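Beneath this line is the structure, given in structure tokens, with notes to follow.
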Amino acid sequence: MIDLDHPFFFTWTAQRQARPLALTGGQGAWFTTADGGRWLDLGSLSYQVNAGHGHRRIIDAIKRQADDLCLAAPTSVFPAKTALAEKLLELAGPGFSKVFFCLSGAEANENAFKMARLVTGRLKLMSRYRSYHGASMGALSLTGDWRRPPLEPGIPGVIHVADCYCDRCPFGQVVASCRRECAKNIAEVMRLEGGGFAAVFLEPVAGANGVLVPPTDYWPMVRAACDADGALLVADEVLTGFGRTGKVFAHQHWGVTPDLITVAKGLASGYQPIGAVIVHERVARHFDDRVLACGLTYYGHPTGVAAALETLRVYEDEGLYANAAALGPVLLDEVRAVAARLSGCRTFVRGLGLLCALEIEAAGGERDPAWRRLGQELVTRRLSLHVDAARATAIFAPPLCIGHDELVAGVRSFGDAAVAAFGGN
């Protein structure tokens, strides 16, 4: 608990319930705190530290850029800005031709929102209930989770649909025999709404709301539904982008090309605030002779651009995409082993790459006390990850630089904490 006289707000919490973390530094998959603690970061802070803590190459790139050019206008052109845009287009693949820079994932989705309406001339947008797209009003209107209702009414025209939540299918099906009702529902809602959607916004894998990994044919079916309606498809890769699922972008697992890709978090691994919208040529050419009514003062800020460019080089030079792909099955197996230890609890494990969720139904229906005990046990063990009592879910998203032994030891230590909190062996 904190002193209410603290001079700034903590986010997403009543201030009396905030739990501050006095960070002092870190290295690799670990961070340090003012009390001398050394924590294994199994959550990449807020899912952003893909390259790991204390990376000298990224830090030095920021310093060099600050010495060379530290201020710029939105219309400025300088080498790092051009190089970063070109690299993002290369990573996105054939057909992508323009990049719009911003400062965060919320801003990326805001500007994708605007582009979709400007290009199509349509109002309506679609997203899912178990989604998070950002805290600004447009992005929050797209968001389906608990963060939206306290601030409604939001931006008009947003329709929410059910998720591909295969462990608790909203359509009462199981993956082995379902007809992908979750994907078909998108086309059906479009029809019932009279069509005319500007865009569908989807996280390739819903991240903070439980790591909902879709069946392999889900994204192709959604792409087909968008094409039939004339809607754009926006892949929100803010959390999943840059290796989190074992590929540069998570949508690449399913061979689908979206119209817009929104990124932030791992783009600069959290070392500077920066986001972007990566735009396919079929959207970008609309603005050749029409005004792009999007902009912000810190568009393409030099230090953010430099941090991102060096981060992308680090991912490739250090093989971090490959490491995430190789360790993904290890993480999944270790979390499944934890689930097996929780006797008396019903559990679900979902994951792709270095992103994995363990959902726990406590024995006897107990929830809050068991999750509070888990939180206390994790503090004792100096383990940091995303524990959400409201959704009964723990989410693992370690830095992509984590080693095999660090990962295994960390998840097994979590298992000891979970057994102490929920019971088991």
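Return the total of residues in the stretch 77-103 being crowded, with 17+ Cβ neighbours inside 10 Å, in a helix (DSSP H, G or I) and of a type in the set (K, R).
Filtering the stretch 77-103 for residues crowded, with 17+ Cβ neighbours inside 10 Å gives 80-81, 84-85, 88-89, 91-92, 96, 98-103.
If we keep only those that are in a helix (DSSP H, G or I) too, we end up with 80-81, 84-85, 88-89, 91-92.
From the residues that got through so far, the ones that are of a type in the set (K, R) too are 81.
Adding up the residues that qualify gives 1.
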Can we say A106 is surrounded by fewer than 17 Cβ atoms within 10 Å (Cβ to Cβ), aliphatic (A, V, I, L, M) and not in a loop (DSSP other than H, G, I, E, B)?
no
Report, by residue number, each residue of the stretch 289-316 that is part of a helix (DSSP H, G or I) and polar (S, T, N, Q).
T303, T311
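With the structure loaded, tell me whether R19 is modelled with pLDDT under 95 and among the basic types (K, R) or whether it fails that test.
Working: modelled with pLDDT under 95: yes; among the basic types (K, R): yes.
Yes.
Could we say that R391 is part of a helix (DSSP H, G or I), modelled with pLDDT under 95 and either in the same structural domain as V263 (by TED's automatic domain parsing) or of a type in the set (D, E, K, R) (or both) here?
On the way: part of a helix (DSSP H, G or I): no; modelled with pLDDT under 95: yes; either in the same structural domain as V263 (by TED's automatic domain parsing) or of a type in the set (D, E, K, R) (or both): yes.
When the stated conditions are applied, R391 does not pass them.
Restricting to the stretch 222-249, count the residues that are assigned to a helix (DSSP H, G or I) and either closer than 30 Å to N323 by Cα or of a type in the set (D, E, K, R) (or both). Spell out the reasoning first.
Our first condition is that a residue be assigned to a helix (DSSP H, G or I); within the stretch 222-249, this holds for 222-229.
Filter again for either closer than 30 Å to N323 by Cα or of a type in the set (D, E, K, R) (or both), leaving 222-223, 227, 229.
Total meeting the criteria: 4.
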Of all residues in the stretch 368-397, how many are closer than 21 Å to A206 by Cβ and of a type in the set (D, E, K, R)?
2
List pairs: first in the stretch 50-64 and more than 14 Å from I402 (Cβ to Cβ), second among the small types (G, A, S) and assigned to a helix (DSSP H, G or I), Cβ under 6 Å, 6+ apart or cross-chain?
I58/A307; A61/A306; I62/A306; I62/A307
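Okay, residues lined up against (1) surrounded by 21 or more Cβ atoms within 10 Å (Cβ to Cβ); (2) in a loop (DSSP other than H, G, I, E, B); (3) not β-branched (V, I, T):
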position	(1), (2), (3)
R372	no, no, yes
A409	no, no, yes
F414	yes, no, yes
V419	no, no, no
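Checking the conditions here, which among R350, R341, R290 is surrounded by fewer than 16 Cβ atoms within 10 Å (Cβ to Cβ) and either modelled with pLDDT of 95 or more or aromatic (F, W, Y) (or both)? Even if it seems obvious, please write down each step before you answer.
Working: R350 fails: surrounded by fewer than 16 Cβ atoms within 10 Å (Cβ to Cβ); R341 fails: surrounded by fewer than 16 Cβ atoms within 10 Å (Cβ to Cβ).
Only one candidate qualifies: R290.
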Please work out which one of (1) outside any loop (DSSP other than H, G, I, E, B); (2) of a type in the set (S, T, Y); (3) surrounded by fewer than 17 Cβ atoms within 10 Å (Cβ to Cβ) is the condition S177 fails and give its number.
(1)
Between a residue in the stretch 179-197 that is in contact (Cβ under 8 Å) with a residue 12 or more places away in the chain and any residue that is acidic (D, E), which pairs come within a Cβ distance under 8 Å, given they are 6 or more apart or on different chains?
R180/D217; C182/D163; A183/D217; A187/D229; M190/D229; G195/D229; G196/D229; F197/D229
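Here's the yes/no breakdown for (1) closer than 20 Å to M221 by Cα; (2) outside any helix (DSSP H, G or I):
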{"position": "S131", "(1), (2)": "yes, yes"}
{"position": "G138", "(1), (2)": "no, no"}
{"position": "D145", "(1), (2)": "no, yes"}
{"position": "F171", "(1), (2)": "yes, yes"}
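Going through E361, E377 one at a time, which residue ends up being surrounded by fewer than 21 Cβ atoms within 10 Å (Cβ to Cβ), under 27 Å from W146 (Cα atoms), touching a residue at least 24 places away in the same chain (Cβ under 8 Å) and in contact with a strand residue (DSSP E or B) (Cβ under 6 Å, 6 or more places away or on another chain)?
Details: E377 fails: in contact with a strand residue (DSSP E or B) (Cβ under 6 Å, 6 or more places away or on another chain).
Only one candidate qualifies: E361.
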Count - residues of the stretch 317-355 that are under 18 Å from A29 (Cα atoms) and either part of a strand (DSSP E or B) or charged (D, E, K, R) (or both):
3
Out of (1) basic (K, R); (2) closer than 30 Å to V305 by Cα; (3) surrounded by fewer than 22 Cβ atoms within 10 Å (Cβ to Cβ), the one R244 does not meet is (3)
Qualifying position, being in contact with a Pro (Cβ under 9 Å, 6 or more places away or on another chain), at pLDDT 95 or above and part of a loop (DSSP other than H, G, I, E, B), among P273, P214:
P214
For H160, are the conditions met, namely being within 16 Å of the chain's Cα centre (by Cα) and assigned by TED's automatic domain parsing to the domain that holds D259?
no
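The values are calculated or read from the model by the stated rules, or taken from the named source; none is laboratory data. No experiment lies behind these values; they were computed from the predicted model shown. So basically every Cβ, Gly included, is an ideal-geometry build from the backbone, and we count neighbours across all protein chains shown.
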